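This report refers to the structure that appears directly beneath it.
The values are calculated or read from the model by the stated rules, or taken from the named source; none is laboratory data. None of these values were measured; they are calculated from a predicted model. Positions of Cβ are backbone-derived with ideal geometry, glycine not excepted, and every protein chain shown enters the neighbour counts. The accessibility values were calculated without ligands, DNA or RNA, using every heavy atom of the protein model including side chains. Shrake-Rupley method; radii C 1.70, N 1.55, O 1.52, S 1.80 Å.
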Amino acid sequence: MSDWLFDLGNSRFKFAPLHDTRAGSVQAWAHGAETMTASALEALPQGDTAWVASVAAPALTDEVMRVLRARFAQVKMARTLPQCAGVTVAYATPEKFGVDRFLVLLAAVESHQPVLVVGVGTALTIDLMDGDGLHRGGRIGASPTVMREALHARAVQLPATGGDYAEFANDTADALASGCDGAAVALVERSLRQASELLGAVPQLLVHGGGAAPLLPLLPQAEHRPALVLDGLARWAVHHRIAER
């Protein structure tokens with residue numbers, strides 16, 4: 001059986017073969033604001049079942065689904081469930097909990113220990129789950145990239161990119177990088193402290209997302225899990241197959 005996993009985010013499109021209960025080798029494209037070309041989409045793999053998770057704009061999601069339906073015998077769209085594969089979602093209306101955040105919890109629950117999962121993409125997302133798979137809630141903020149873009153939009157003299165992190169920068173680009181990256185790290189560190197007080201134990205810190213790299217040196221306790229959404233989608237696929245039997 002040839003099954004593939006597809007994760008359509010706000011800024012990147014990732015896909016990988018499904019190997020047992022995990023994602024295989026991952027390919028990633030930056031699609032920006034719905035800029036993936038028809039020729040790129042037509043180069044996607046073919047197979048039996050495409051398992052899809054999307055938080056992208058409806059128009060882009062519809063286009064990708066159209067292409068996948070022409071290349072796979074079945075296309076299955078993942079959705080957030082109140083309970084699934086050992087995870088219980090905290091939201092009173094689970095369908096409002098982003099499917100990407102839901103899937104990373106599915107991937108993380110395998111550790112059977114408390115986890116704080118941080119996604120660094122267009123948004124900065126932080127979610128806490130205890131060792132029993134109970135989601136305790138989370139936060140959503142602007143990622144460092146979006147902070148830089150917002151500052152540049154309001155004050156064009158402030159560069160939207162560039163600079164290096166420093167504790168006390170002596171250059172504007174460095175100061176911007178330090179301030180925006182530092183704000184994200186501070187929110188993660190506060191969340192980690194509050195989570196430790198709430199659970200009585202320090203949770204494992206997992207970080208994923210296209211914007212994770214600059215933050216990792218500032219979070220030495222973090223484990224980088226770049227394929228976390230796809231690994232969670234793999235678990236969702238396995239759970240869905242079992243439920244259909």
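What the table shows:
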{"quantity": "Looking only at segment 160-197, and only at residues there that are of a type in the set (Val, Ile, Thr) and in a helix (DSSP H, G or I), the one that is nearest to residue 139 (Cα to Cα)", "calculated": "188"}
{"quantity": "Close pairs from segment 210-225: first touching a residue at least 24 places away in the same chain (Cβ under 8 Å), partner charged (D, E, K, R) and crowded, with 16+ Cβ neighbours inside 10 Å, Cβ under 8 Å, at least 6 apart", "calculated": "210/12; 214/181; 215/181; 218/181; 225/231"}
{"quantity": "Residue within segment 221-238 that is assigned to a loop (DSSP other than H, G, I, E, B) and open to solvent by less than 40 Å² (accessible area, probe 1.4 Å) present", "calculated": "yes"}
{"quantity": "Subset of segment 2-33 (residues that are open to solvent by 80 Å² or more (accessible area, probe 1.4 Å), among the small types (Gly, Ala, Ser) and either more than 20 Å from residue 101 (Cα to Cα) or assigned to a loop (DSSP other than H, G, I, E, B) (or both))", "calculated": "25, 33"}
{"quantity": "Filter result (under 28 Å from residue 29 (Cβ atoms), open to solvent by less than 10 Å² (accessible area, probe 1.4 Å) and not in a loop (DSSP other than H, G, I, E, B)) within segment 85-114", "calculated": "102, 103, 104, 105, 106, 107, 108"}
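Per-residue answers, yes or no, for (1) hydroxyl-bearing (Ser, Thr, Tyr); (2) in contact (Cβ under 8 Å) with a residue 60 or more places away in the chain; (3) in contact with a Ser or Thr (Cβ under 7 Å, 6 or more places away or on another chain):
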| residue | (1), (2), (3) |
| --- | --- |
| 69 | no, no, no |
| 72 | no, yes, yes |
| 76 | no, yes, yes |
| 81 | no, no, no |
| 84 | no, yes, no |
| 97 | no, no, yes |
| 100 | no, yes, no |
